[in-house]
Amino acid sequence: MEKKKRNQILLIGLVIVIVIAVILLGIFFGTGFYQKIVLYNEVERISRLDITKDQFDTEIKSTGEYAKVEEAIKEYFSEYSKSLQASLNAISEENLNKIMSDENLIEDAPNFEKTLENIQKTKEDFNTNVDALIEQMDETYIMSKIEAKNVEEEFKKLYQELMYDDKIISQLEAQKTELEESRTLLNELLDLNEQLYRLLAEKPGKWKYEDNIMQIDDEELLNQYNALVEEMQSK
């Protein structure tokens, strides 16, 4: 009987030791493990957002050093999405249609001062934001976000691992390709529109726009005008 009691006491003691060990492991490792899961979940959520239109919130869900990594990631994507969306806004269909509209030929004739100013502003806004985006895609810029947080090397590597996730990188690469193509096309179209409006402004008495029809009396002007229109339509 005494032996059975002794075994029971030993068993209870062993269970207590195991429970204490589990609690201690939870204290030392459980919090970090949980925060890492929180961080990974946030990065996964970010990767599913549409960077061209969604808002990237900067609310931090994790704690400790993981919070600094999360903060660096969200700061980067918040800045990047704002630059990208500003670029897209500059070349929105509404804005481009306004530049290329028939109303300009009527309301802003014959000097087209407002139209030419709008073309220049659109070009400047778009190219400024594109330059910012290209800079933000650079690895040095990406890593500067975590460098500013003064974290240990372990967390810098974690940040790098998360930022160079296949989903995120594929998004950035796709956006960069589309951006470069859009930049080239937009600048070409805006340059052609600028040339067309300047051409008409130089010869105000040799053309008129009535009933949605452009009427040009000068043969040289007509040839130049048609050439510009044809080039624009080919874009």
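Pairs with C-alpha atoms separated by more than 27 Å, drawn from the list K123/K235; K53/K167; K121/K149; K53/K114, are K121/K149; K53/K114.
Using every pair of separate Cα atoms, the Kirkwood estimate puts the hydrodynamic radius of region 74-204 at 17.0 angstrom.
Working note: Debye formula, equal point scatterers on the alpha-carbon atoms of region 162-207, no solvent; log10 I(q)/I(0) at q = 0.26, 0.27, 0.28, 0.30 Å⁻¹ is -0.85, -0.88, -0.90, -0.95.
Expressed as a whole percent, the proportion of Cα-Cα pairs in region 131-235 lying more than 18 Å apart is 66%.
Kirkwood hydrodynamic radius of the chain, from the reciprocal of the average inverse Cα-Cα distance over all distinct pairs: 22.8 Å. Could you calculate the FRET efficiency of K61 with I213 from 1/(1 + (r/R0)^6), where r is the beta carbon distance between them and R0 is 45 Å, rounded to 0.05? Efficiency at R0 = 45 Å is approximately 0.15.
The alpha carbon convex hull volume per residue for region 134-175 rounds to 56 Å³.
Within the chain, helices built from complete DSSP H runs that reach 30 Å or longer along their own axis (Cα positions) and carry a mean Kyte-Doolittle hydropathy of -0.5 or higher are 2-25. Peptide packing: for 126-139, 213-226, the average count of neighbouring Cβ atoms within 10 Å per residue gives the ranking 126-139, 213-226, highest mean first.
Want the number for D102 to Y40: 0.36 nm per residue separation, take away the alpha-carbon distance, what's left?
17.1 nm
Considering only the other residues whose Cβ falls under 13 Å of the Cβ of V151, what net charge follows from Lys and Arg at +1 and Asp and Glu at -1?
Taking every Cβ under 13 Å from that of V151, the sum is -2.
Estimated purely from DSSP H runs of n ≥ 4, each contributing -39500 (n - 2.57), the mean residue ellipticity at 222 nm for the chain is -25500 deg cm²/dmol once divided by its residues.
From Cα pairs below 8 angstrom and at least 6 apart in sequence, can you work out the relative contact order of the chain, rounded to a whole percent?
Once divided by the residue count of the chain, the mean separation gives 19 percent.
How many percent of the accessible area of the chain is carbon or sulfur, using a 1.4 Å probe? Result for the chain: 52 percent of the exposed heavy-atom area is carbon or sulfur.
From Cα pairs below 8 angstrom and at least 6 apart in sequence, can you work out the relative contact order of region 170-231, rounded to a whole percent? Computed over region 170-231, the figure is 26 percent. Using the 1.4 Å probe convention, the accessible area of the chain works out to 63 Å² per residue with neighbouring protein chains retained.
The values are calculated or read from the model by the stated rules, or taken from the named source; none is laboratory data. What you are looking at is a predicted structure, and each value in this text was computed from that prediction instead of being measured. Cβ: placed from backbone, ideal geometry, glycine included. Neighbour counts: every protein chain shown. Note: accessible area is taken over every heavy atom of the protein model, side chains too, but ligands, DNA and RNA are not part of it. Shrake-Rupley method; radii C 1.70, N 1.55, O 1.52, S 1.80 Å.
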